[in-house]
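To start, the structure under review is shown below, and the notes come after it.
Readers should treat all values here as calculations from the given coordinates under stated rules, not as data from a laboratory. What you are looking at is a predicted structure, and each value in this text was computed from that prediction instead of being measured. Cβ placement follows ideal geometry from the backbone for every residue including glycine, while neighbour counts extend to all protein chains displayed.
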Amino acid sequence: MTESFNSSSGLPGASGDTGAAGAAGAVGAGGAGGATGAAVPAAPGPAFPALAIRGLAKRFGGKIAVNGIDLDVPAGSFYGLVGPNGAGKTTSLSMATGLLRPDYGEVWVHGVNVWEHQLEAKKLMGILPDGVRLFDRLSGEQLVTYAGLLRGMDRGTVAERVRDLLEALDLAKDAGTLVVDYSAGMTKKIALASALIHAPRLLVLDEPFESVDPISAANIRDILDGYVASGGTVIVSSHVMDLVQRMCDHVAVIAGGNVLAAGTVEQVRAGASLEDRFVQLVGGRTKTEGLSWLRTS
């Protein structure tokens, strides 16, 4: 028997399955709540989700960060992942992209098992992790070039794509500047360029608009919209509900390491705004009657 995470209690229990089933509150197609340890074929093909997660779980000491979640991200979707601080979003994405080994569960990218075939799976992905550490003693142009060459691309293609990406992200004039001298927003954009250089089939972006100015954010949204329209899939985590509601066609709400709801944006918000539905699902809104001293009149 294999120890697994119990999705109702958050405590480990004995089970022969890969991991616990996802939270029961999921809604709609592509949502959580699939069968425990559900079998997903291990060969890529057009019928597979861009990302399939089954029983994914992670514990740090006595804290369960991700509690046996299931999730399907349809190919060609713009998928939002939302949740409060400490909900398990970054941990889930790190495990799903091969950056952090899960305690339990399995992940497939276009049918390729991420932890059994890491190199093949990572070729399909472009990743922008939260708090990314870059080789910041390279210039912006050198960093993106290095990312392309690391992917095995030929130098001519890399040079052409680097030029296109720096222009599209308004970094061309800073191509020769060391990344260590970039602002936070510029650093985020050059990391995005590095994730895009090899034209991946799946793009996983953790807080991509944090510290980015409104004009750059609009440009990035246009790039991502075009990418999805051409058949790519984007997963983006964000705290900004209005942005996710306007930008994404699918969304999952995560809190306490569990998927509370998942499906199309319309299904999840159920006639309300996504922000109101999020607060309803997650709870925890604090009463402020005790701050009468803060009133100035």
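Values as computed for the structure displayed
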quantity: Cα centroid separation - region 235-290 against region 60-133, whole Å; calculated: 19 Å
quantity: Gain in span if fully extended, Leu138 to Ala199, counting 0.36 nm per residue against the direct Cα distance; calculated: 19.8 nm
quantity: For peptides 230-243, 102-115, sequence by mean Cβ density within 10 Å, most packed first; calculated: 102-115, 230-243
quantity: Simple Cβ-charge dipole of region 132-199, Lys/Arg +1 and Asp/Glu -1, about Cα centre, in debye nearest 20; calculated: 200 debye
quantity: Efficiency of FRET between Glu275 and Ser183 - r from beta-carbon atoms, R0 35 angstrom, step 0.05; calculated: 0.75
quantity: Order of Ile223, Ile254 under a 10 Å beta carbon neighbour criterion, fewest first; calculated: Ile223, Ile254
quantity: For Pro74, net neighbour charge (Lys/Arg +1, Asp/Glu -1) across residues whose Cβ lies under 14 Å away; calculated: -1
quantity: Listed pairs Lys63/Lys122; Lys123/Lys188; Lys122/Lys188; Lys58/Lys123; Lys89/Lys173; Lys58/Lys189 exceeding 27 Å between Cα atoms; calculated: Lys63/Lys122; Lys89/Lys173; Lys58/Lys189
